[in-house]
Structure formats: structure tokens, C-alpha cells
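The values are calculated or read from the model by the stated rules, or taken from the named source; none is laboratory data. Quick caveat: nothing in here was measured; it's all calculated off a predicted structure. So basically every Cβ, Gly included, is an ideal-geometry build from the backbone, and we count neighbours across all protein chains shown. For accessibility, only protein heavy atoms count, side chains too; no ligands or nucleic acids. Shrake-Rupley method; radii C 1.70, N 1.55, O 1.52, S 1.80 Å.
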Amino acid sequence: MPTAKFKVKSKSESPTKTVVKARNFELVIDEPKNLGGTDAGPNPVEYILAALSGCMNVVGHLIAKEMGFELRGIEFELEGDLDPAKFSGQDTDSRAGYQEIRVYVKPDTDADQTTLERWLQAIEQRCPVSDNLSNPTPVKISLK
């Protein structure tokens, strides 16, 4: 199977607000008012959690079909802990990103616990967003 390439373009509308074009869609990224934004959309780290849940949903349904059980839907609750020290420019050994992300998955199915544990393990192994968050991914940033 050939490698799939995905691409977005974005433009700053203010110091906190970014408008992103992804295919025919427009996403607004902004900070909440208490962080100096206008609250016009989720902030970047909230989009990470949203992307993870969206990816797990697609992969979860695919795997359930492969495993042969009915999956009527999935509810996700995601949360992460972020230390703002590095982002704020403080001298710290703490990383800038999430210290940990916790994902709580509630499938709507009649599958037994053993099947669901195998299913969840397969989701973790096959979800591209989970893989990108769990493993170092080279990011090459340059001026254009």
C-alpha cells in the first residue's frame, strides 16, 4: 500500500487565533479567554485530544468489524496534564507537552470483557495518532 500524505495550511489571525484549512474544511484554533484568547475554538492541545479520540473511533470500528462483533458506538473521555512552565519560558527540565494523556473508552456492545481487552490493545497498536503521541516522530521545521 503506498504512503498516504496529509496536508494542512494555516494562517495566524491574531496572537492566539489560527485558521487552518484541511481539504475543504476550516478549523479555528484559539486560546480560552483566561489564557488571552477570544475562545473562538479549541486550543492546540485540546485538538490533540480530539484527534486521538477521532482516530480511536475510526480504528475501533474497523477492528470490531474485523473481529466480528457488533459495535454500536463508542464514548471517549480524554484528559491530559500539561505543565505550562516551559511554554511560559521558565528554565525547567519539564517537557512542554502533555506529561500524560488518559483515555477512558466506553464501547456500546455486547462483546465480552476478554474480546474488548483484545480490541482495545489492537486499537492502541493500530491508531496512527496514538502511535504519533506514544513514539518520537521527526518534526522538521524550516523557514519558507
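Miscellaneous remarks
- If R0 equals 35 Å, the separation of the Cβ atoms of Lys5 and Thr114 corresponds to a calculated FRET efficiency of about 0.40.
- Normalised contact order of the chain, rounded percent, pairs of Cα under 8 Å and 6 or more residues apart: 16
- Note on Arg95 and Asn135: the extension gain reaches 12.9 nm, defined as 0.36 nm multiplied by sequence separation minus the Cα-Cα distance.
- For the chain, the longest principal axis of the alpha carbon atoms and the long axis of helix 113-126 meet at an angle near 40°.
- The shape of segment 9-62 comes out oblate: with a ≥ b ≥ c from the C-alpha gyration tensor, a/c is at least 1.5 while a/b does not beat b/c.
- Calculated mean residue ellipticity, 222 nm, the chain: -10000 deg cm²/dmol, from DSSP H runs (n ≥ 4) at -39500 (n - 2.57) each, averaged per residue and rounded to 500.
- Of [x] 1.01; [y] 0.96; [z] 1.11, the label for Rg/Rh (Cα atoms, Kirkwood Rh) derived from the coordinates: [x]
- For segment 68-144: rounded, prolate or oblate by the Cα gyration tensor [a/c cutoff 1.5]: prolate
- Residue-level accessible surface for Asp131, protein heavy atoms, 1.4 Å, Å²: 80
- Percent accessible area from carbon and sulfur atoms, the chain, protein chains only, probe 1.4 Å: 52
- Segment 44-105 shape via C-alpha gyration tensor axes, a/c threshold 1.5: prolate
- Counting heavy atoms of the protein chains alone, Glu70 has an accessible area of about 120 Å² for a 1.4 Å probe.
- Annotation note: chymotrypsin sites (Phe, Trp or Tyr not before Pro) in segment 43-117 located in DSSP loop regions with a Cβ neighbour count of at most 16 within 10 Å are Phe69, Phe87.
- Loop sites in segment 5-86: trypsin sites (Lys or Arg not before Pro), DSSP, at most 16 other Cβ within 10 Å: Lys5, Lys7, Arg23, Lys86
- The residue among Thr38, Val58, Pro84 whose Cα reaches farthest toward the positive pole of the charge dipole of segment 28-86, with charges on the beta-carbon of Lys, Arg, Asp and Glu, is Val58.
- With a cut-off of 13 Å between beta carbons, the residues surrounding Tyr98 carry a summed charge of -2, where Lys and Arg count +1 and Asp and Glu -1.
- Helix 44-67 axis, angle to the chain major axis (alpha carbon atoms, nearest 10°): 20
- A 1.4 Å probe run over the protein chains yields, for segment 36-126, 65 Å² of accessible area per residue, whole-number rounding.
- Rounded Å value of the spacing that divides the Cα centres of segment 1-75 and segment 106-144: 14
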